[in-house]
Amino acid sequence: MKILVTGGAGFVGASLACAFKRQDPSADVVVLDNLRRRGAELNLSRFRELGIRFFHGDIRCPGDLEDLPGTFDAFIEASAEPSVLAGLDGSPRYVLDTNLVGTLNCLEFARKRAGGLIFLSTSRVYSIEPLREIRLTERPTRFEISPEQVHAGIGPAGISEHFTTLLPRSLYGATKLASELIIQEYVHSYKMRAVINRCGVIAGPGQFGKVDQGVFTLWVANHYFKKPLRYTGFGGLGKQVRDLLHPEDLFSLLTTQLSQLDRVSGQVFNVGGGREISTSMLELTRVCEQVTGNTLPIASDPTTNPVDIPLYISDSSLAQRTFGWKPKRDVRAIIGEIAQWIGQSEELLRPLFA
């Protein structure tokens with residue numbers, strides 16, 4: 001088995017690349033990454049230890065892909081400019097070139113030299129204003145989905161694949177949605193085998209979190225290193241909710257999908273932890289206090305960013321029915337693993353987080 005992972009030195013890509021190699025030590029796992037995100041370079045030593053081949057390259061450059069050796073049985077496209085804020089305070093060039101032009105380059109490579117493609121998309125393809133119009137009930141520690149709704153694709157289990165993508169959704173979300181549409185055209189026109197996963201928040205050890213991407217890891221790290229935090233948006237109460245997915249649970253889904261690509265090619269699946277594996281920022285704070293033993297004063301800023309939403313919970317029912325898949329690691333387990341990782345690599349990680 002020969003597997004290519006683009007964006008493979010990032011948090012999700014590296015987690016998946018290492019999981020493939022651990023599952024099958026004889027597999028030839030190849031990683032391509034431009035190492036733009038700080039901290040990605042720390043994964044290179046893991047690759048050497050496991051025998052994963054690393055190539056420094058950029059999916060924006062077709063030649064970097066073409067220089068990769070041979071053909072591949074599977075192609076995991078995990079590269080992205082992942083911030084929902086990308087392009088909002090300046091030029092959109094990087095997010096457009098990476099998330100859209102880069103996808104085109106990957107598709108051309110996959111068409112010629114890969115047996116199947118799994119594309120990691122995002123829940124951010126769903127339109128912001130309808131997401132803000134989801135009717136919510138305010139509880140003591142979180143927002144909850146109300147029984148009656150005005151939009152299709154929202155129910156007690158969360159947001160499904162039927163929720164609207166027709167209105168603005170951020171430059172980041174737009175590039176990923178456009179990539180999904182082009183992938184489906186490649187499936188139809190060239191009989192490419194490909195599946196699209198709209199991932200919610202993926203969190204776990206190995207993530208170098210920032211406010212705009214990876215905030216759950218950042219929350220744990222700031223508790224660990226006793227750095228200040230603040231609740232922002234929607235009244236500054238910390239009640240906004242997201243579901244979490246551990247990369248190992250994503251990996252278990254991907255291995256099943258690869259074995260069934262002929263049956264599901266061209267399909268789109270929401271992938272996340274769902275209501276059972278969700279947390280508000282306020283609830284997250286309590287878990288962080290428990291796993292780190294540190295309690296911080298947390299400031300409040302009620303100002304809401306234009307691209308922020310009060311709640312996103314993945315309704316992954318379709319993926320669960322299709323593949324018999326269900327994530328196993330809950331919020332406490334995910335946060336505990338992150339804290340353990342930081343503790344084990346404190347001196348190495350301190351410059352990145354503290």
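The values are calculated or read from the model by the stated rules, or taken from the named source; none is laboratory data. Nothing here was measured: the structure is a model prediction, and the numbers come from that model. Cβ: placed from backbone, ideal geometry, glycine included. Neighbour counts: every protein chain shown.
Does V307 qualify as being of a type in the set (A, V, I, L, M) and modelled with pLDDT under 95? So V307 passes the test. Put simply, of G293, G266, G324, G274 the only residue that is free of Cβ contacts under 8 Å to residues at least 24 places away in the same chain, at positive phi and among the small types (G, A, S) is G293. If you filter the stretch 301-322 down to residues that are surrounded by 13 or more Cβ atoms within 10 Å (Cβ to Cβ) and of a type in the set (S, T, Y), you find that the one that is farthest from D89 (Cα to Cα) is T322. Within the stretch 20-36, which residues are over 11 Å from F47 (Cα atoms), of a type outside the set (D, E, K, R) and touching a Ser or Thr at 6+ places or on another chain (Cβ under 9 Å)? Across the stretch 20-36, the qualifying residues are F20, Q23, L32, N34. Within the stretch 115-133, being surrounded by fewer than 22 Cβ atoms within 10 Å (Cβ to Cβ) and assigned to a loop (DSSP other than H, G, I, E, B) holds for G115, G116, S127, E133. Can you work out which of the residues in the stretch 238-250 that are assigned to a helix (DSSP H, G or I) and among the acidic types (D, E) is surrounded by the fewest Cβ atoms within 10 Å (Cβ to Cβ)? Once the filter is applied, the top-ranked residue is E248.
Applying the set (1) assigned to a loop (DSSP other than H, G, I, E, B); (2) under 19 Å from the mean Cα position of the chain (by Cα) to F75 leaves exactly one unmet item: (1). Among the strands (runs of 3 or more DSSP E) confined to the stretch 251-350, the ones with at least 2 residues that are more than 30 Å from R111 (Cα to Cα) are located at 278-280, 298-301. Scanning the stretch 53-83 for residues that are more than 14 Å from G13 (Cβ to Cβ) and buried (at least 21 other Cβ atoms within 10 Å of the Cβ) yields L65, F72.
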